[in-house]
Amino acid sequence: MISGYEILDRPRSCVRRQHHLDVRQSGSGILITSSPAEVHGVPAAWPLRLPNDDNGQGLGELSAALAAGRPHGISVEKGPGFETALVFIPHHPEEGVGTLARVRIAEAPDTGVTSERRAERPMELWAEAGENVRRIVPLLGPDAPLADEPEDCQLCPGCYRPVYESSTSHTLIGAGPMPVFGLCRLCAKGTTLRSLRQADAPIDPQQRAILETVAAALV
């Protein structure tokens, strides 16, 4: 068990906007993409590759922890005077919100813990991700192909879904003074805005501006 991760700096509350967790097989391991996530203090997509190097035991333990909403830590790297770990902290920074973070733990007491990457999500999303990991693990047999480098992805400006290089993205021209680039299929068709309005869900102001620009172009 990783010690010290409970003293992570308390991040800001999980903001009321769309958050996504994309879970898929990546060669003989699993790729979890959090979008958006905080990467060195900047919102971005966080593609996290988890290898299967122990016949599924480590991935099984992680999936169980995510599904059950209990703390979990994995040592990623050890070096002179530091350790890097992946930690899951349920109900942090507030009730109903969990944090997955890659942290650097220094031996020097005045240095403490540094958060390198962090994704905050409602606990039900982490539970769903845990179930998806659990379903994928049995497919990661010894004959699974080796994984290439994680495929690059950008955030859809309308909903923050990851848009991979192999996915179809869309450019909208004519809805305003500037074209809108990199939209996912659902936002480009207006489906995202319609769904949010039907659910009376809060929309991040920047996302709302993008989605309303799309809606105007579709008229």
*Going by the conditions given, is residue 93 in contact (Cβ under 8 Å) with a residue 60 or more places away in the chain, of a type outside the set (Gly, Ala, Ser) and either under 18 Å from residue 120 (Cα atoms) or surrounded by fewer than 19 Cβ atoms within 10 Å (Cβ to Cβ) (or both)?*
yes
*Could you list, in sequence order, all residues of the stretch 20-43 that are open to solvent by 30 Å² or more (accessible area, probe 1.4 Å) and of a type outside the set (Val, Ile, Thr)?*
20, 21, 22, 24, 25, 28, 38, 40, 41, 43
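Looking only at the stretch 32-90, filter to residues that are of a type in the set (Ser, Thr, Tyr) and touching a residue at least 40 places away in the same chain (Cβ under 8 Å); which one of those is nearest to residue 138 (Cα to Cα)?
Residues of the stretch 32-90 that are of a type in the set (Ser, Thr, Tyr), as a first pass: 33-35, 63, 75, 84.
From the residues that got through so far, the ones that are touching a residue at least 40 places away in the same chain (Cβ under 8 Å) too are 33-35, 63, 75.
Values: 33: 20, 34: 23, 35: 26, 63: 12, 75: 23 Å.
Taking the candidates together, the pick is 63.
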*Specify which of the listed residues (99, 114, 84) is among the polar types (S, T, N, Q) and more than 27 Å from residue 25 (Cβ to Cβ).*
114
_Please go through (1) modelled with pLDDT under 90; (2) of a type in the set (A, V, I, L, M); (3) in contact with a helix residue (DSSP H, G or I) (Cβ under 6 Å, 6 or more places away or on another chain); (4) more than 23 Å from residue 36 (Cβ to Cβ) for residue 137 and return the number of the only condition it doesn't satisfy._
(1)
_Criterion violated by residue 52 - all others in (1) surrounded by 14 or more Cβ atoms within 10 Å (Cβ to Cβ); (2) closer than 17 Å to residue 19 by Cβ; (3) modelled with pLDDT under 95 satisfied_ = (2)
*Being assigned to a helix (DSSP H, G or I) and not polar (S, T, N, Q) is the filter here, so list the residues in the stretch 104-133 that pass it.*
123, 124, 125, 126, 127, 128, 129, 130, 131, 133
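The values are calculated or read from the model by the stated rules, or taken from the named source; none is laboratory data. On a predicted model such as this, the values are computed, not experimentally measured, just so you know. Every residue, glycine as well, gets a Cβ built from its backbone with ideal geometry; the counts of neighbours run over all protein chains shown. All accessible areas refer to the heavy atoms of the entire protein, side chains included, with ligands and DNA or RNA removed. Shrake-Rupley method; radii C 1.70, N 1.55, O 1.52, S 1.80 Å.
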